[in-house]
Amino acid sequence: MRFLDGHRPANDLTYDDVFLLPNRSDVESRFDVDLSTVDGTGTTIPIVVANMTAVAGRRMAETVARRGGLVVLPQDVDPAAVAGITEWVKGRHPVWDTPLVLTGGDAVADALNLVGKRAHGAVVVVDGEGRPAGIVDEAACAGVDRFTRLADIAEPVLVTCSLETPAREVFDMLHARGAKLAVGVDGDGRLAGVLTAIGALRADIYTPALDDQGALRIAAAVGVNGDVAAKAEAVLEAGVDVLVVDTAHGHQDKMFTALKAVRSVSPSVPVVAGNVVTAEGTRDLIDAGADVVKVGVGPGAMCTTRMMTGVGRPQFSAVADCAAAARALGKHVWADGGIRHPRDVALALAAGASAAMVGSWFAGTHESPGDLRYDENGRPYKESFGMASKRAVGARTRSDDAFDRARKALFEEGISSSKMHLDPARPGVEDLLDSIGSGVRSSFTYAGARNIEEFHERAVLGVQSAAGFAEGRPLPSGW
Ligand code: XMP
């Protein structure tokens with residue numbers, strides 16, 4: 001990465017402060033670009049979902065890993081629950097989506113409670129043997145009494161195939177029959193998965209992030225408090241592929257003790273540690289055993305750290321400095337926080353990150369764990385909240401006595417509730433991944449880069465004014 005002549009930054013920079021210049025390029029198509037990481041975490045797209053309770057759960061983990069990314073389960077999830085989620089995620093099919101299942105005797109109300117949970121938006125009705133008998137989507141429920149039995153409104157399954165059917169063939173069958181959903185069955189004809197046309201298309205474009213056994217990958221965070229070795233051991237035993245040692249101030253003694261504990265449990269598992277924003281912090285964490293350093297203090301959408309403490313650093317410069325320090329030691333950084341647009345991911349990679357972590361942006365999707373709610377204008381949203389907010393601290397300290405809980409909640413450094421609207425055009429996390437992938441792949445073609453390393457090497461950046469950033473925004477409708 002280099003700055004355009006005359007654009008050497010005098011100050012630290014945010015993503016909004018910088019822009020990328022097009023280079024002479026021989027990369028003709030976005031499909032000539034490989035977004036796989038070389039940081040040892042096994043992702044095939046440079047996206048990691050942040051360990052936030054409002055964002056990272058099992059549906060998110062399954063869906064994002066299927067598209068090549070990685071989800072980090074929050075450290076507040078106890079090891080037994082991490083084990084349950086990991087087993088469940090690893091039991092998912094790498095191509096076929098997990099169906100929402102009801103029986104003919106269930107009611108429309110049951111179907112309506114479920115359909116918002118998954119982007120494919122339909123329930124498969126099964127018989128007593130678990131064989132598919134029909135499909136119910138939101139449209140089929142419209143105008144029907146909530147007590148109506150699903151058997152009375154289910155539509156016939158138009159495409160049924162084995163899980164081995166190539167995605168391209170499934171796509172063609174759906175297209176030819178005008179069907180929305182293909183139903184995948186096992187050798188006994190029992191329901192085993194569903195696939196939409198866009199799901200089949202994505203299966204053809206993306207490469208899932210898989211472990212050595214061919215199961216979807218997943219990461220889990222451990223904090224720096226308590227018996228870190230025991231927690232690390234438990235989640236590794238559960239099959240977690242990547243460990244994230246996470247605390248707001250990663251450049252502190254407790255972190256070094258925690259890293260030592262984690263390394264004593266497993267010298268070989270990829271370990272990510274943070275957060276820091278300095279080259280010195282990066283070197284110290286690598287020295288203590290981190291393979292990847294998590295960079296970012298205060299850029300997160302739910303963070304109040306900078307306003308509360310004045311501590312932090314504009315994220316583009318933090319990532320660039322830390323990445324340079326990590327690269328000098330043959331290691332990597334994840335850019336954590338402040339990702340709001342596909343361009344931010346491209347800029348994080350240009351700065352030298354091997355992946356960008358996304359939190360709140362993904363809270364407003366079907367796959368985040370929160371309940372779908374509607375605002376005063378009828379727009380669907382889910383709530384996001386910071387992991388250092390009163391709400392998260394309250395949940396984390398549930399077993400403390402009332403005084404201790406109240407004392408800890410006084411020192412919040414995060415937002416407790418913020419509405420994340422579902423984008424009507426992109427309500428699922430895969431829609432957002434498509435959009436990020438499309439933007440980032442295009443950035444690579446502009447830069448003349450075929451992979452993440454080439455992109456970092458070739459990236460030429462300039463510094464822009466606020467007006468320069470504003471100029472790049474499309475005009476809103478109704479202007
Ligand atoms: P985004 O912008 O994607 O950022 O939501 C995700 C990252 O934000 C950090 N985080 C917090 N930082 N107080 C903070 O100061 C908080 O309550 C908080 N919650 C999350 C965290 O690094 C996450 O990955």
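The values are calculated or read from the model by the stated rules, or taken from the named source; none is laboratory data. Quick caveat, the model's predicted, so the values are computed rather than measured. Cβ sites come from the backbone with ideal geometry, for glycine too, and all protein chains shown count toward neighbours. For the accessible areas, the whole protein counts, side chains as well, though only heavy atoms, and no ligand, DNA or RNA atoms are used. Shrake-Rupley method; radii C 1.70, N 1.55, O 1.52, S 1.80 Å.
Under 9 Å from the Cβ of His251, count the other residues' Cβ atoms, weight Lys and Arg +1, Asp and Glu -1, and hand me the total.
Working: positive: none; negative: Glu280, Asp284.
Spelling it out: positives minus negatives among the neighbours equals -2.
Okay, helix-only estimate at 222 nm for the chain: each DSSP H run of n ≥ 4 adds -39500 (n - 2.57), divide by all residues, round to 500 deg cm²/dmol; what do you get?
Values: 19 runs with 169 residues, N = 479.
Dividing the helical sum by the residues of the chain leaves -10000 deg cm²/dmol.
Per-residue accessible area for Cys161 at 1.4 Å probe radius, Å² rounded to 10?
Approximately 10 Å² of Cys161 is accessible to the 1.4 Å probe.
Once amide H atoms are built 1.01 Å from N in the peptide plane, which residues 5 or more positions from Val185, or in another chain, come under 5 Å H to H?
Excluding prolines and chain starts, which carry no amide H, the hits are Cys161, Ser162, Leu163, Ala192.
Rounded to the nearest 5, what % of DSSP beta bridges with both residues in the chain are antiparallel? List each step's numbers first, then the result.
Numbers: 25 of 62 bridges.
Of all bridge pairs located within the chain, approximately 40 percent are antiparallel.
May I have the pair-distance distribution P(r) for segment 248-292, computed from all Cα-Cα distances with 5 Å bins from 0 and rounded to whole percent?
For segment 248-292, the pair-distance distribution reads 5, 26, 38, 20, 9, 1.
If you take every residue apart from Leu191 with its C-beta less than 15 Å away from the C-beta of Leu191, what net charge results, scoring Lys and Arg +1 and Asp and Glu -1? Write down the numbers at each step before the final one.
Numbers: positive: Arg92, Arg118, Arg131, Arg190; negative: Asp97, Asp106, Asp127, Glu129, Asp186, Asp188.
That sum, taken over residues with Cβ under 15 Å, equals -2.
Hey, what's the Kirkwood Rh for segment 347-419 if you take every pair of different alpha carbons, in angstrom? Walk me through the numbers on the way to the answer.
Values: mean 1/r = 0.0690 Å⁻¹.
It is 14.5 Å.
If the limit is 19 Å between Cα atoms, which of Lys231/Lys254; Lys180/Lys419; Lys117/Lys382; Lys260/Lys294; Lys294/Lys331; Lys382/Lys408 go over it? Walk me through the intermediate numbers first.
Values: Lys231/Lys254 15 Å; Lys180/Lys419 30 Å; Lys117/Lys382 12 Å; Lys260/Lys294 17 Å; Lys294/Lys331 12 Å; Lys382/Lys408 26 Å.
Violating the 19 Å limit, Cα to Cα: Lys180/Lys419; Lys382/Lys408.
Taking the Cα centre of the chain as the origin and placing charges on Cβ (Lys, Arg +1; Asp, Glu -1), which of Gly143, Val393, Ser443 is farthest toward the positive end of the dipole?
Going by the charge dipole, the pick is Val393.
Find the eigenvalues of the gyration tensor of the Cα atoms of segment 241-394, then list the square roots of 5 times those eigenvalues as equivalent ellipsoid semi-axes, largest first, in whole angstrom.
Those come to 28, 18, 15 Å.
Largest first and to the nearest Å, give the Cα extent of segment 326-479 along each principal axis.
Computed over the Cα atoms, the extents are 58, 50, 31 Å.
Give, rounded to the nearest 20 debye, the magnitude of the charge dipole that the chain has about its Cα centre when Lys and Arg contribute +1 at Cβ and Asp and Glu contribute -1 at Cβ. Write out the running numbers ahead of the final one.
On the way: 49 positive and 62 negative charges, 167 e Å.
So the dipole magnitude of the chain works out to roughly 800 debye.
Take the solvent-accessible surface of the protein heavy atoms, probe 1.4 Å, and return the percent of it on the chain that carbon and sulfur atoms account for. Each step should come with its number before you reach the end.
Details: 10920 of 21340 Å².
Here it works out to 51 percent.
Counting Lys +1, Arg +1, Asp -1, Glu -1, what net charge surrounds Gly439 among other residues with beta carbon under 11 Å of its beta carbon?
Working: positive: Arg30, Arg343, Arg441; negative: Asp344, Asp434.
Within the 11 Å Cβ shell, the charges total +1.
Volume per residue, Å³, of the convex hull around the alpha-carbon atoms of segment 184-283? Write out the running numbers ahead of the final one.
On the way: hull volume 16.7 nm³, N = 100.
Per residue, the Cα convex hull of segment 184-283 comes to 167 Å³.
Picking from His175, Val345, Ala154, whose Cα lies most toward the positive end of the charge dipole for the chain (charges on Cβ: Lys, Arg +1; Asp, Glu -1)?
Checked the options; the winner is Val345.
When the expected Rg is taken as 2.2 N^0.38 Å, what fraction or multiple of it is the alpha-carbon Rg of the chain?
Values: Rg = 23.0 Å, N = 479, 2.2 N^0.38 = 23.0 Å.
My calculation over the Cα atoms of the chain gives 1.00.
Please give the per residue accessible area of the chain, computed with a probe of 1.4 Å over protein heavy atoms only, in Å².
Details: 21340 Å² over 479 residues.
That works out to 45 Å² for each residue.
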